[in-house]
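Undergrad: Take this structure first; my questions come after.
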Amino acid sequence: MNAKKQLKEGLLTQNPVLVQLLGMCSTMAITTSIMNGLGMGVSVIIILTLSNIIISLLRKIIPNEVRIACFIVVIAGFVTCVQLLLKAFLPEIDKSLGVFIPLIVVNCIILGRAEAFASKNAVGASTLDGIFQGLGYTVVLIIMCFFRELFGAGKLLDIQIMPDGYTPIGILTLPVGGFICLGVLIAVMQWALAKSAKKNENKEKEAK
Amino acid sequence: MTITSLLAIALGAILTNNFIFAQFLGICPFLGVSKKIDTAVGMGAAVTFVMGLASAVCFGINRLLVAAGLGYMQTVAFILVIAALVQFVEMFLKKNVPTLYTALGVYLPLITTNCAVLGVALLNVQNDYNFIQSVVYGITGGLGFLLAIFLFAAVREQLEFADNPKCFDGFPIALVTAGLIALAFMGFSGLKVW
């Protein structure tokens, strides 16, 4: 397993949100402004990488029957650290993300990667997996935030972008917008993946 | 505390602040187990039960933690309690309602990682609810989840025959449908209780 392939999987072919369909709650809930998306994305990258490292180190010690409970304790520990750090140094982000920071514990991306990857692979690969999968998640968050903040509020990073006469599509910043925006994004992803799969097929045919 | 304040909490949790459509808690099982009405209702009932139980137990745990000066251990303690509760429910169902147990399958242990359950425990602390308010919020939040997943499963069964663009097959069309139901639920936001 090389790093380049892992990067491609994390960002595109095995993207945690768009292809594996993990961690949908936070993706839809907090993507109303780019600052929120960045804060959440970076928190998840840090927690995912650290928990992947620890779980990969402990993979031979943890008994198989209680592994999920062990994973959750490791993850909850790191989440608490990040939560306390955010409270101390970035109280505004902590306030706007609210209950979704402690809820990273039950974000399926982290438990999913622990179970599917870190508990079976060596430390180096698991670290990279954590970083790249976290990046894939963050990129999706930022894309969602971009559309929802730009068209829903007419702003980006709290700076007015749209001209004065623009009426914001308020529905995009509401929960409804989250569902529909993510639905369309996943559809685009399925379309793109199907297209590239077809291309590869054609190439193989030509080669024959 | 009066009956009206409890009623306001209940109506809020079921309709105006529905866990799924307004707060985005518990989306994974909502999308995962909503292909058939029977299993959807079973899942909703199990989640309601666990949420009610978790609110009650976590309320006590939180009191203990605060008294011991360990308030920051909240998240870790809550998730362990919830994991134990789910294990308990799983054992109970396996013994007494085996049909539901097999129907729920892998999603049953996954209630542990259902953010609605941990969410309700954390929101109870955040909103400073007392014991009765917490339990009411937990149970009615679960009922809201049940209502949402039931409606969604009913629509989704019809969706099988829908003629949508190919790239929208599966999850995307389900998400757009959920968005439209959420839009309908927004109609409740004008609802005022006394």
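Undergrad: Using Cα-Cα distances under 8 Å and only pairs 6 or more residues apart, what relative contact order does chain B have, in percent?
TA: 42 percent
Undergrad: Tell me which residues come under 5 Å, amide H to amide H, from A:Leu156 once H is placed; ignore anything under 5 positions away on its chain.
TA: Those qualifying (amide H under 5 Å, at least 5 residues apart or on another chain) are A:Ile161.
Undergrad: Interface A/B, total buried accessible area with a 1.4 Å probe, nearest 100 Å²?
TA: Numbers: alone 11570 and 10410 Å², together 19030 Å².
What A and B bury together is about 2900 Å².
Undergrad: Relative contact order for region A:3-207: what percent, with Cα pairs under 8 Å and sequence separation of 6 or more?
TA: Across region A:3-207, relative contact order equals 34 percent.
Undergrad: Which value, in Å², gives the accessible area per residue of region A:3-207 when a 1.4 Å probe is used on the protein heavy atoms?
TA: Spelled out: the 1.4 Å probe surface of region A:3-207, per residue, equals 47 Å².
Undergrad: Please work out the FRET efficiency for the pair A:Val188 and B:Leu159, using the Cβ-Cβ distance as r and a Förster radius of 30 Å; give the result to the nearest 0.05.
TA: For R0 = 30 Å, the calculated efficiency reads 0.95.
Undergrad: Can you tell me the dipole magnitude for the protein assembly as shown around its Cα centre, using point charges on the Cβ only (Lys, Arg +1; Asp, Glu -1), in Debye to the nearest 20?
TA: Numbers: 26 positive and 19 negative charges, 170 e Å.
Approximately 820 debye in magnitude.
Undergrad: Could you work out the mean count of beta carbons from other protein chains within 10 Å of each residue's beta carbon in B:15-28?
TA: On the way: counts 0, 0, 0, 1, 0, 3, 3, 4, 5, 12, 7, 2, 12, 8.
Averaged over the peptide's residues, the number is 4.
Undergrad: Please list 3J(HN,Hα) in residue order for region A:50-62, calculated via the Karplus relation 6.51 cos²θ - 1.76 cosθ + 1.60 where θ = phi - 60°; whole Hz, with x for glycine and proline.
TA: Each residue's phi maps through the Karplus curve to give 4, 5, 4, 4, 5, 5, 5, 5, 8, 4, 8, 8, 5 Hz.
Undergrad: Per residue of B:154-167, count partner chain C-beta atoms within 10 Å of its C-beta, then hand back the mean as an integer.
TA: Other-chain Cβ atoms within 10 Å of each residue's Cβ, averaged: 1.
Undergrad: So how much accessible area does B:Asp128 have, in Å² to the nearest 10, using a 1.4 Å probe?
TA: 130 Å²
Undergrad: Roughly how many percent of the accessible protein surface of chain B is carbon and sulfur, given a 1.4 Å probe and a whole-percent answer?
TA: That fraction is 69 percent.
Undergrad: Under 11 Å from the 7 Å Cα→Cβ point of B:Gln87, by amide nitrogen: which residues of region A:60-94?
TA: Under 11 Å, as judged by backbone N against the label point of B:Gln87, lie A:65-70 of region A:60-94.
Undergrad: Using a 10 Å cut-off on Cβ to Cβ distances, tally the other chain neighbours for every residue of B:178-188 and report the average as a whole number.
TA: 4
Undergrad: Could you rank A:Lys205, A:Lys95 by how accessible they are, 1.4 Å probe, largest area first? Display every interim value, and only then the final one.
TA: Values: A:Lys205 140, A:Lys95 170 Å².
The ordering from most to least exposed comes out as A:Lys95, A:Lys205.
Undergrad: Could you work out how far apart the two model spin labels at B:Tyr72 and B:Asn96 are, taking each label as a point 7 Å from the Cα in the direction of the beta carbon, and quote it in nm?
TA: The modelled label-to-label distance comes out at 4.1 nm.
Undergrad: If you take the square roots of the eigenvalues of the alpha-carbon gyration tensor of region B:1-85 and sort them as a ≥ b ≥ c, do you get rounded (a/c under 1.5), prolate (a/b over b/c) or oblate?
TA: Oblate, because a/c is 1.5 or more while a/b does not exceed b/c.
Undergrad: Moving on to the next point. Run the quick spin-label model on B:Asn127 and A:Asn200: label points 7 Å from Cα toward the beta carbon, then report their separation in nm to one decimal.
TA: About 4.8 nm, to one decimal.
Undergrad: Another question, then. Which of rounded, prolate, oblate describes chain A, given a ≥ b ≥ c as roots of the alpha-carbon gyration tensor eigenvalues and a/c under 1.5 marking rounded, otherwise prolate only if a/b is larger than b/c?
TA: Oblate.
Undergrad: Using only the Cα atoms of the protein assembly as shown, build the gyration tensor, take square roots of its eigenvalues as a ≥ b ≥ c, and label the shape rounded, prolate or oblate: rounded if a/c is under 1.5, else prolate if a/b is larger than b/c, else oblate. Mind dumping the intermediate values first?
TA: On the way: a/c = 1.32, a/b = 1.15, b/c = 1.14.
Since a/c stays below 1.5, the shape of the protein assembly as shown is classed as rounded.
Undergrad: Testing the spin-label approximation: label points 7 Å from Cα along Cα→Cβ at A:Leu84 and B:Ala8. State their distance in nm.
TA: Label at A:Leu84, label at B:Ala8, 3.6 nm between them.
Undergrad: List the residues whose amide H sits under 5 Å from the amide H of B:Gly26, counting only those 5 or more places along or on another chain, with H placed 1.01 Å from N in the peptide plane.
TA: Here B:Cys115, B:Ala116 satisfy the definition.
Undergrad: Right, something else. Top to bottom by accessible area (1.4 Å), largest first, where do B:Met91, A:Met40, B:Met186 land?
TA: B:Met91, B:Met186, A:Met40
Undergrad: Could I ask something else about it? Output ³J(HN,Hα) for region B:80-90: one whole-Hz value per residue in order, computed from phi by the Karplus curve 6.51 cos²θ - 1.76 cosθ + 1.60 with θ = phi - 60°, and x for Gly and Pro.
TA: Per-residue couplings from phi come out as 5, 4, 5, 4, 5, 4, 5, 4, 5, 4, 4 Hz.
Undergrad: I would also like to ask the following. About the Cα centre of chain A, what is the dipole size in debye to 20, counting +1 per Lys and Arg Cβ and -1 per Asp and Glu Cβ, all else neutral?
TA: 740 debye
The values are calculated or read from the model by the stated rules, or taken from the named source; none is laboratory data. For clarity, every value in this text was computed on a predicted model and none was experimentally measured. Positions of Cβ are generated from backbone atoms using ideal geometry, with glycine treated the same way; all protein chains shown enter the neighbour counts. All accessible areas refer to the heavy atoms of the entire protein, side chains included, with ligands and DNA or RNA removed. Shrake-Rupley method; radii C 1.70, N 1.55, O 1.52, S 1.80 Å.
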